[in-house]
Amino acid sequence: MVTNEARDGACRKLFTDVGKITAKEGITPSALHAMKMKLVALARKTDLFPLSDFEMPVAQGRSHPLLVQENDGYGLYLTINMPGKEAAPHDHGIWCINAAVSGRERNLFYRRVDNGERKGRAVIEKIGEVIVEPESGMAMADHDIHATEVLGKEPAVGLAFYGYALTQFPEVVWYQPQFRSVRASPSRRQLVSA
Amino acid sequence: MPRNPKKHQVSITNANQVINCDANQSILHAAILAGIDYPYVCATGNCGTCVCLLEAGKVSMLAHGDAALTQEQVKAGKTLACRAIPRGDVTIKWLSRGGK
């Protein structure tokens with residue numbers, strides 16, 4: 001039987017390892033890749049993350065904090081998303097890495113191709129795709145744009161590691177390709193301090 | 001000859017408009033296509049900006065995140081326009097002015 005101490009220890013070890021990588025390299029593509037491999041290795045230890053330890057979503061998506069640093073430190077979460085759960089293309093303003101414990105989630109990557117002259121309007125184009133499933137993950141830099149969709153009939157259970165805790169997120173910019181629109185949700189920092 | 005797809009009427013009280021909504025279309029999608037300045041941000045059930053009061057009628061819900069619509073909000077008759085598919089004619093009132 002897994003103990004909370006074993007899980008907490010593994011999460012703290014990840015933070016230490018990531019801290020060493022960023023101290024040496026900063027946040028570079030190679031650093032993000034190295035961090036992703038560390039997260040994939042942690043997600044591979046499925047016995048540390050039994051679903052019985054985490055409430056399932058009431059609706060179709062839920063994030064459970066595993067380890068969150070204070071102030072502008074890192075945030076590590078276990079995410080459970082049910083089949084059909086999706087997120088439109090968005091830029092959450094801070095780097096992130098994901099790795100799957102179980103299930104499958106498609107990540108589509110985009111870039112903005114308009115000049116931003118028209119407020120509220122944007123055009124994006126797809127530039128890549130990654131299926132995050134066991135033994136794999138994905139990494140994004142600060143202002144990369146991605147969309148997600150749970151594939152198949154099983155919940156997608158994963159680890160999500162962000163440069164900031166969710167409560168410290170900057171504004172998240174959402175794109176709607178079918179409407180050619182762009183909208184921003186306010187920073188959670190503002191919501192927490194309000 | 002294909003039959004016309006079934007449509008429902010959606011009354012949006014803030015905008016004082018009644019629009020048509022396909023039977024498999026979200027209220028938000030129909031509202032935007034009708035030119036209504038409905039407040040939204042993510043349009044995929046993650047942010048909660050398009051939360052509205054379902055004043056009359058019933059909807060089916062597409063997948064959404066727990067944080068975008070709480071059980072308390074559901075009990076209070078609220079829904080997400082981006083995830084709500086009308087099951088008949090409905091009347092709604094949006095509750096946010098964000099997302100601009």
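Scan (1) within 24 Å of A:Tyr77 (Cβ to Cβ); (2) away from every other protein chain (no Cβ under 13 Å); (3) not basic (Lys, Arg) for the single condition A:Ser187 breaks and write down its number.
(2) is the only condition that A:Ser187 fails.
What residue, among those in the range B:48-60 that are of a type outside the set (S, T, N, Q) and over 15 Å from B:Val10 (Cβ atoms), is nearest to the other protein chains (Cβ to nearest Cβ)? Steps first, answer last, please.
First, pick out the residues of the range B:48-60 that are of a type outside the set (S, T, N, Q): B:48, B:50-59.
Those still in the list that are over 15 Å from B:Val10 (Cβ atoms) too: B:48, B:51.
Working: B:Gly48: 9, B:Val51: 13 Å.
Out of the qualifying residues, it is B:Gly48.
Could you please tell me which pairs satisfy a Cβ distance under 6 Å, a separation of 6+ or placement on different chains, a first residue in the range A:1-23 that is farther than 15 Å from A:Pro65 by Cα and of a type in the set (A, V, I, L, M), and a second residue that is part of a loop (DSSP other than H, G, I, E, B) and modelled with pLDDT of 95 or more?
Matching pairs, first to second residue: none at all.
Residues in the range B:76-98: is at least one more than 13 Å from the chain's Cα centre (by Cα), of a type in the set (Ser, Thr, Tyr) and either within 14 Å of another protein chain (Cβ to nearest Cβ) or in a loop (DSSP other than H, G, I, E, B) (or both)?
Within the range B:76-98, none of the residues are more than 13 Å from the chain's Cα centre (by Cα), of a type in the set (Ser, Thr, Tyr) and either within 14 Å of another protein chain (Cβ to nearest Cβ) or in a loop (DSSP other than H, G, I, E, B) (or both).
Exactly one condition in (1) of a type outside the set (Val, Ile, Thr); (2) in a strand (DSSP E or B); (3) within 12 Å of the chain's Cα centre (by Cα) is false for A:Tyr164; which is it?
The one condition A:Tyr164 does not meet is (2).
Take the residues in the range A:109-123 that are away from chain B (no Cβ under 14 Å) and assigned to a loop (DSSP other than H, G, I, E, B); name whichever of them is farthest from A:Asp142 (Cα to Cα).
Looking at residues that are away from chain B (no Cβ under 14 Å) and assigned to a loop (DSSP other than H, G, I, E, B), I get A:Glu117.
Each row is one residue, and each column tells you yes or no for (1) crowded, with 16+ Cβ neighbours inside 10 Å; (2) within 11 Å of chain B (Cβ to nearest Cβ).
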| residue | (1), (2) |
| --- | --- |
| A:Glu135 | no, no |
| A:Met138 | yes, no |
| A:Ala156 | yes, no |
| A:Phe161 | yes, no |
| A:Pro170 | yes, no |
| A:Gln178 | no, yes |
| A:Ser181 | yes, yes |
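Would you say B:Ile27 is under 26 Å from A:Pro83 (Cα atoms), away from every other protein chain (no Cβ under 12 Å) and at pLDDT 95 or above?
Answer is yes for this residue.
The values are calculated or read from the model by the stated rules, or taken from the named source; none is laboratory data. Keep in mind that this is a model prediction, so the values were computed, not measured. In this analysis, Cβ positions are derived from the backbone assuming ideal geometry, glycine residues included, and neighbour counts consider all displayed protein chains.
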